[in-house]
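Inspection log for the structure reproduced underneath, given as C-alpha cells.
The values are calculated or read from the model by the stated rules, or taken from the named source; none is laboratory data. These numbers come from a predicted model, not from an experiment. FYI the Cβ positions are ideal-geometry reconstructions off the backbone, even for glycines, and counts take in every protein chain you see.
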Amino acid sequence: MSAKAISEATGKRLLNQHLASGVAVPCRFASVTPETSWDELVARNPWVASEKLVVKPDQLIKRRGKLGLIHVNADLPSVKDWVQIRMGKEIEVGKAKGRLRNFIIEPFLKHTQDEEAYVCIYSHRHADTILFHHQGGVEIGDVDAKALKLEVPIDTKPSLDDIKKTLLKHLPASKQDFTAKFVAALYDVYVDLYFTYLEVNPLVLTKDKVYILDLAAKLDATAEFVCKAKWGDVEFPPPFGRDASEEEAYIQDLDSKSGASLKLTVLNAKGRIWTMVAGGGASVIYSDTVCDLGGASELANYGEYSGAPTEQQTYEYAKTILGLMTREKRPEGKILIIGGGIANFTNVAATFKGIVKALQEYRERLVEHNVSIFVRRAGPNYQEGLRVMKEVGNTLGVPVHVFGPETHMTAIVAMAMGKREIPAMPEPNVTTANFLLPGGMKTPPPPSSPKKDIRRPFLDHAETTVQQSWFTPKTKAIVWGMQTRAVQSMLDFDFVCSRKEGSVVAMVYPFTGDHKQKFYWGHKEILIPVYKNMADAMKKHQDADVLINFASLRSAYDSTFETLQYPQIRTIAIIAEGIPDNEEASRCRCAHQLCFATICLCQHI
C-alpha cells in the first residue's frame, strides 16, 4: 500500500460526488492559490459574497484551530485581507517550516459545542476500524482512549444496527438513525474509492442534518488504475514544509518515465551520511541502522533504486545524489553508503557502471569534501560490479571499501560510522555460479522448514491433515508470467545446490499459445512448457505445489484468486509492485481461510 494524503478540497469533492444522496449536506468550498483571481472565484461561487465565511490553509496542517490558522464568521473583504496577509508567508508547525500557498473557503455554520462529533475510518491488515465519539472539535483530546470502536472485517459491511449499538450509544436517540445512515454511507465510499484514512472533525449533527466541517484523508495511490474514473484528477501534495526540491522533482520525473523504481527524499541537506541503496526493503533497513547507531540527525537522504534500472538511469540517479552531497562542506568529511541486499534479477554490474561513471565525474569534489565510500552488494554479476568499483576506488583519491555477500548487509553502516573495525577486503575465489555463492564462504546446509499441521478445506469441503514442510529439496513451482531471467536464475541456483532437477516445472502466460521455452540446466539445454491456461498447467503438473506470481499490478489480484481454486498449490509467492491494499487484504483473508501460505514481495508500504 502507498497511502498518500490528499487536500481537504479534494476529499470533500470526492464525498460530494460519491456519498449517497441525502445522508449529508453537500460541502460548499472554494480553493485559493497565489494564481487565483478573486473576481473569477466570486463568479464561480456567488455564495462567498453573501454569506459569512470560514477560511483556513489547505496544506495537510494538523490542529489548525490551535495554531490560529482558522478565520471564522468573516465576510468576503475580511477573508481576502486575511488570506493576502498570509499568502506566501513562512510559518513553523512543530519542526516543519513552510510557506502558505493554498487556502480553502467555506460557509460559516453556526452551531453549538454539543452538536459536534468525531468520526474516523482507517485500514489495517485484517479489518477496517471505524471510530466515533459523540464529542468532537478542537478539544477532543485522546481519540483512541475516548472514541467507540467498530472493527469491520475485510469484504464485509457494517449493518445500521451494528453502527447504532456499537458506535452511537452515547448519541441522543433522535440523532442515531440518520447518523448511522451517514456512517454506513461514508464507509461505502471509503471502500469504493480505496481510502486508507478518512477523518471528519468536527462532524456537526443538528436535529436532522449532517455537516462535514474539517476533513483529513489519505488514498491508496496504488489503486489509481482502478479508481482513475472515480477520482478524476487527484494531486497528492507533499507534507507541509516538504515541497519537492529541484533534485527530488527530477528523480520523480525519471521514475515516472521508467519501468524501474527511482526514489529520493532529502531529509537533511547538511547531513554527513548519504545513501545510495538498491531495493525498497534494503533502503528502510539501512536508514533504520543509521538511526539505531545514533546517526539520525546526520542522515541526509532516503531513497532507493530497483527494478533493473539501466546504466544511464543509475548514472543520473547517482549524479543527482553526488551533486547534493558535495554542495556544502563538513570539516569531518562525509560518508556515502552504496548498499543493497542480494538482487533477484537486477544486473549489478550494469547498475554499478552507471554509479562508477558518476563517481568519476565528481572525483575532484569527492576529494574536496573528504568523502569516504562504503559498498556492499550481491546478486547477478555482482563480482563484475564489485571489481569495477574496486578499480575506480584506486583512482578516485578517496577511501573506497568494497564488500560482497560475505559481509552482513548493514555491517558497512557500523564501519562507516566508526562503530566497527574495517576489515581487510578478502580476495574472492572464482568458482562456479559465483554470482550467487561468494568465494571462500562456507554455506551450511539450510535448516529444515518447521513442520506444520496443515488443515485445509479443499473445494469439495473435505478436510485433510498433512504433516509436511512448506518447502523441501523436491519442491516444484509453476511461474505465472514470462519472466525468463528469473526462471533461469532459479534453475542456476538449483543446479548449484545440487538438486537433481529444476524447481520450475512450467510457466503460465495467457498472452501466447502453448509452447516450450529453452533454458539451461548447467551446460545442458532443457525445455520448460509454457501454458496459455492455468488449468492446463495444474492438470499436467500435479506435483507442483508452489506458484510464483509475476503478474502485473493490474492482474495480480485476479490471477492469485484463480490460483486459490487449485488445492494442489499450498504456497503463492506474489512478486508485484503496487497492488491496492483492499485487494491485497481480501486476498490474504481468502488465503488464510484456505490455509495457503502467501509471500508478498516488492509491495509498496
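Quick notes
- Contact annotation: residue pairs with Cβ atoms under 9 Å, 6 or more positions apart or on different chains, pairing a residue in region 72-101 that is more than 24 Å from N268 (Cβ to Cβ) with a partner that is assigned to a helix (DSSP H, G or I) and among the aliphatic types (A, V, I, L, M), are D75/A49; L76/V42; L76/V48; L76/A49; V79/V48.
- Filter result for K270 (basic (K, R), over 20 Å from the mean Cα position of the chain (by Cα), part of a loop (DSSP other than H, G, I, E, B) and not assigned by TED's automatic domain parsing to the domain that holds K97): yes
- Selection status of G65, touching a Gly at 6+ places or on another chain (Cβ under 7 Å) and outside the structural domain of A216 (by TED's automatic domain parsing): no
- Yes/no for R365 being of a type in the set (D, E, K, R), touching a strand residue (DSSP E or B) at 6+ places or on another chain (Cβ under 9 Å) and either surrounded by fewer than 21 Cβ atoms within 10 Å (Cβ to Cβ) or part of a helix (DSSP H, G or I) (or both): yes
- Taken as a whole, region 239-259 holds no residue that is within 22 Å of I121 (Cβ to Cβ), hydrophobic (A, V, I, L, M, F, W, C) and touching a residue at least 24 places away in the same chain (Cβ under 8 Å).
- Evaluation of K97 against (1) surrounded by 15 or more Cβ atoms within 10 Å (Cβ to Cβ); (2) outside any loop (DSSP other than H, G, I, E, B); (3) among the charged types (D, E, K, R) (one fails), failing number: (1)
- Long-range neighbours under 7 Å by Cβ, at least six apart or interchain, first residue touching a residue at least 40 places away in the same chain (Cβ under 8 Å) within region 6-34, second basic (K, R): I6/K218; H18/K230; V23/K181; V25/K209; C27/K12; F29/K12; T33/R101; P34/R101
- Selection count, region 191-205, where residues are among the aromatic types (F, W, Y) and either farther than 16 Å from E151 by Cα or crowded, with 24+ Cβ neighbours inside 10 Å (or both): 2
- Single match in I373, I338 (criterion: buried (at least 23 other Cβ atoms within 10 Å of the Cβ), modelled with pLDDT of 90 or more and either under 30 Å from T484 (Cα atoms) or under 28 Å from the mean Cα position of the chain (by Cα) (or both)): I338
- Residue in region 289-311 that is assigned to a helix (DSSP H, G or I), under 20 Å from V356 (Cα atoms), touching a strand residue (DSSP E or B) at 6+ places or on another chain (Cβ under 7 Å) and not assigned by TED's automatic domain parsing to the domain that holds E92 present: no
- Taking region 1-89 as the region of interest, the helices (runs of 4 or more DSSP H) fully inside it that hold 3 or more residues being at negative phi and either crowded, with 17+ Cβ neighbours inside 10 Å or of a type in the set (K, R) (or both) are 8-18, 76-86.
- Residue match in region 233-244 (condition: out of contact with any Cys (no Cβ under 7 Å at 6 or more places or on another chain), acidic (D, E) and part of a helix (DSSP H, G or I)): no
- Output for region 522-560, where each listed residue is assigned to a strand (DSSP E or B) and surrounded by 13 or more Cβ atoms within 10 Å (Cβ to Cβ): I526, I528, P529, V530, Y531, V546, L547, I548, N549
- The residue that is nearest to the chain's Cα centre (by Cα), among those in region 180-202 that are farther than 11 Å from A217 by Cα and in a strand (DSSP E or B), is N201.
- In region 101-136, the residues that are acidic (D, E) and within 10 Å of L205 (Cα to Cα): D114, E115, E116
- Index of the failed condition, E316 passing every other in (1) in contact (Cβ under 8 Å) with a residue 60 or more places away in the chain; (2) surrounded by fewer than 16 Cβ atoms within 10 Å (Cβ to Cβ): (2)
- V413 meets each of the listed conditions (1) surrounded by fewer than 18 Cβ atoms within 10 Å (Cβ to Cβ); (2) in a helix (DSSP H, G or I) apart from (1).
- Selection of first residues in region 520-532 that are in contact (Cβ under 8 Å) with a residue 12 or more places away in the chain and of second residues that are surrounded by fewer than 16 Cβ atoms within 10 Å (Cβ to Cβ) and of a type in the set (S, T, Y), restricted to Cβ pairs under 8 Å at least 6 apart or on distinct chains, gives the following pairs, ordered by first then second residue: I526/Y520; V530/T512; K532/T512.
- Within region 320-348, residues that are without any contact (Cβ under 8 Å) to a residue 40 or more places away in the chain and in a loop (DSSP other than H, G, I, E, B) reach partners that are crowded, with 18+ Cβ neighbours inside 10 Å and hydrophobic (A, V, I, L, M, F, W, C) with beta carbons closer than 7 Å, at six or more positions or on different chains, in the pairs N347/A308.
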